[in-house]
1. Starting from the residue with the highest accessible area, list Cys319, Cys291 in decreasing order, probe 1.4 Å.
2. For the range 52-90 and the range 214-277, compute the distance between their C-alpha centroids and round to whole Å.
3. To the nearest 0.05, what FRET efficiency results for Ala193 and Thr17 with a Förster distance of 30 Å applied to their C-beta separation?
4. Between Leu59 and Leu245, what's the calculated FRET efficiency when r is the beta-carbon distance and R0 is 25 Å? Round to 0.05.
5. Roughly what would the spin-label model give for Lys7 and Tyr310, points 7 Å off Cα along C-beta, in nm?
6. Mind ordering 372-382, 18-28 by average Cβ neighbours within 10 Å, highest first?
7. With a 1.4 Å probe and every protein chain kept in, tell me what percent of the accessible surface of the chain is carbon plus sulfur.
8. Placing +1 at every Lys and Arg Cβ and -1 at every Asp and Glu Cβ, with all other atoms neutral, what dipole size does the chain have around its Cα centre, in debye to the nearest 20?
Amino acid sequence: MNTDTRKLPTGFGRLWTAQTVSSLGDGVTHAALPLIALTLTRDPMALAVVTAAGTLPWLLFGVLGGALVDRWDRRRTMWVADAARAALLAIPASAAALDVLSIPLLAAVAFLLGLGGLFFDTAATAFLPDLLRRDPVLLERANSRLRGAQTAMSGFVGPPAGSTLLTLGRAVPLVADAVSFLVSALLVRTLPAMPRPSPEAREPLLRQARAGASYVFQDRLLLGLALRPAVGNIAFLAVETVLALFAHDRLGIDTYGFGLLLTAEATGGLLGAAIASGLGRRLGTGTALTCTAAVEGLAVLGLASAPNPYVAGLALAVCGAGMGATMVLGPSLRQAIVPARLMGRVASTSRMLAMCAAPVGAFAGGWLATAYDVRTPLYAAAGLLLAMTAVTATMTSNRRVEAALRAATPDHPARETAPDAP
């Protein structure tokens, strides 16, 4: 068995700490913001506006944001984005303390936080391969740790902390998130400076953004990696839209039990992130990605036909494991093969496709449940995931992955992989 003993650089520890602290703050706000909005209105549409506002920046400025990140210093982009988000949160915190908070203000803050997240996340995605010298093994290891910490903080620790802090006052969770952003900004500033990508000829921003998007759509491997989260979001949002109703009506799960159901999914996500690198070594990244896609589809099928809460919880845990592994393997491969000068645009294009797909899934799930049955969206999601597995299997095959790695790093030692099926 080939064991790689290379260590992650010390700078990664600071990046990991920064993103872990920031994820904790995100989890706090993710739980607290809807609850704060609920203290201001009971209008479902108004609440939806606050929720949707945070996703709009990716839909409106995703590719343009990636083009800007490819022009700017990535470390500076990260710490400025987090410092700006820390300062921004002082506004609703002050408004809450003065009892002048409003839904329009919360929606505006959610939008601007999402915009800051667009720049931070894109810059961090582009900075990591520079820090790790585009080493595929180290990238998988690093993304596994980052994904695990993000899941733990935003999925387990942050939400209950946000709910608890809210009992102390509406401003308290907002201040806590602001502190997390400030700590993250200070840590990111201490990261080593990385050489900026070779400058391209000064072209209009729109043309550079279009070039980044074209790079994804013209490369079958990158397109396959982008289709996975895009199609997955359609399926998973269709499930998420009706999951609470399905759990209550078909499984007899109460509010507390529903929380445990979601915890099972998050637990699976932690496990998947932890074993992703090992799966990639044993099966090859391409085969591993195909297997995790199939696991997700079969797990959702198991959820749809679950006769009791225990089977449903197991199915969600297995699905979470598949998703966790995918979210390590896919981005790590993309970071290893995409040229540094295009990394921001390629990452933001892929993320934008996934974000645009989410509302399609949510609408489809609601329509299918209304027109047919609450289980129908789950069966449809399982079918979609399995169909996507078949379509993308050749696009992300071991042979194609290894060819891309050799082209990106000519001295890359081909890892021992299972040969592709004929």
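1. Numbers: Cys319 5, Cys291 60 Å².
If we order Cys319, Cys291 from most to least accessible, we get Cys291, Cys319.
2. If we compute the Cα centre of each part, the gap is 25 Å.
3. Numbers: r = 18 Å, r/R0 = 0.61.
With R0 = 30 Å, the Cβ-Cβ based efficiency is 0.95.
4. Values: r = 26 Å, r/R0 = 1.06.
Calculated transfer efficiency: 0.40.
5. The answer from the label model is 4.6 nm.
6. Numbers: 372-382: 20.9, 18-28: 25.0.
Packing order, densest peptide first, comes out as 18-28, 372-382.
7. Details: 12520 of 18780 Å².
Roughly 67 percent, rounded to a whole number.
8. Values: 34 positive and 25 negative charges, 252 e Å.
Computed about the Cα centre, the dipole is about 1200 debye.
The values are calculated or read from the model by the stated rules, or taken from the named source; none is laboratory data. This one's a predicted model, so the numbers in the text were calculated from it and none came from an experiment. Cβ atoms come from the backbone with ideal geometry, glycine included; neighbour counts cover every protein chain shown. Just the protein is used for accessible areas: all its heavy atoms, side chains included, with ligands, DNA and RNA removed. Shrake-Rupley method; radii C 1.70, N 1.55, O 1.52, S 1.80 Å.
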